[in-house]
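Report on the following structure.
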Amino acid sequence: MANVEQVQPKKGPSLVIQLAILLVMTGAAIGMGWVSGGYLKQGETPAPVPVAPENAGAAEKPAEGGKAAVGPTLAQLAPITTNLASPSDVWIRLEASVLYDAPQPPEVTEQIHQDLLAFVRTIKLHQIEGASGYQHLKADLEERAALRSGGHVKQVLVRTMLLE
């Protein structure tokens, strides 16, 4: 018969060496993450803190020193409840708030509310279906609010949107 050689199995690196390499690689990954995070955060400015709805009027009151406080203001719009353009038996209820760059008179908020109501009445159901439809609706609402306010609206925050 044929000679059968006895082959000993190959031995790889020991378990201790494998664990040591794993720890070194993990430490390197953590270090690189920490350095890159510090690099990315370096040029970042802090985001403005929006004023809560219950404190929205406080931004209009004079602060210490007799000067009016200036900063972002959040104004809640009255709920918009209307039917869609097509199909007309579908109703929408939209609750939203607008974020101003500075305090604005209540008349501006009311004008924005009426404009958004008129716009929502022209929407068709297929235009707001899905995530991209919602994004387009939000972009349209923000554009109309910014135009109506003379560029003072920075964002429209959709709190709830129900379709029935």
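Let me spell it out: the conditions are (1) surrounded by fewer than 14 Cβ atoms within 10 Å (Cβ to Cβ); (2) outside any loop (DSSP other than H, G, I, E, B), and residue 99 meets all of them except one. Which number is the exception?
(1)
In the range 61-85, which residue that is surrounded by 13 or more Cβ atoms within 10 Å (Cβ to Cβ) and at pLDDT below 90 is nearest to residue 96 (Cα to Cα)?
71
Scan the range 110-142 residue by residue and report those that are touching a strand residue (DSSP E or B) at 6+ places or on another chain (Cβ under 9 Å) and among the acidic types (Asp, Glu).
Residue satisfying the conditions is 142 alone.
Name the single residue that is nearest to the chain's Cα centre (by Cα) among those in the range 105-123 being under 15 Å from residue 94 (Cβ atoms) and outside any helix (DSSP H, G or I).
Once the filter is applied, the top-ranked residue is 123.
Report every pair of residues separated by at least 6 positions or lying on different chains whose Cβ atoms are under 8 Å apart, first residue within the range 98-116 and of a type in the set (Val, Ile, Thr), second in a loop (DSSP other than H, G, I, E, B).
That search, which allows pairs on different chains as well, returns 98/77; 108/152; 109/77; 112/77.
Give all pairs with beta carbons closer than 9 Å in which a residue from the range 135-154 that is assigned to a helix (DSSP H, G or I) meets a residue that is basic (Lys, Arg) and surrounded by 13 or more Cβ atoms within 10 Å (Cβ to Cβ); count only pairs at least 6 apart in sequence or on separate chains.
142/154; 146/154
Quick check: is even one residue across the range 137-148 over 16 Å from the mean Cα position of the chain (by Cα), surrounded by 13 or more Cβ atoms within 10 Å (Cβ to Cβ) and among the small types (Gly, Ala, Ser)?
Scanning the range 137-148 turns up at least one residue that is over 16 Å from the mean Cα position of the chain (by Cα), surrounded by 13 or more Cβ atoms within 10 Å (Cβ to Cβ) and among the small types (Gly, Ala, Ser).
If residue 124 satisfies all but one of (1) surrounded by 12 or more Cβ atoms within 10 Å (Cβ to Cβ); (2) under 20 Å from residue 76 (Cα atoms), what's the number of the condition it fails?
(2)
The values are calculated or read from the model by the stated rules, or taken from the named source; none is laboratory data. All values reported here derive from a predicted model rather than from experimental measurement. Cβ sites come from the backbone with ideal geometry, for glycine too, and all protein chains shown count toward neighbours.
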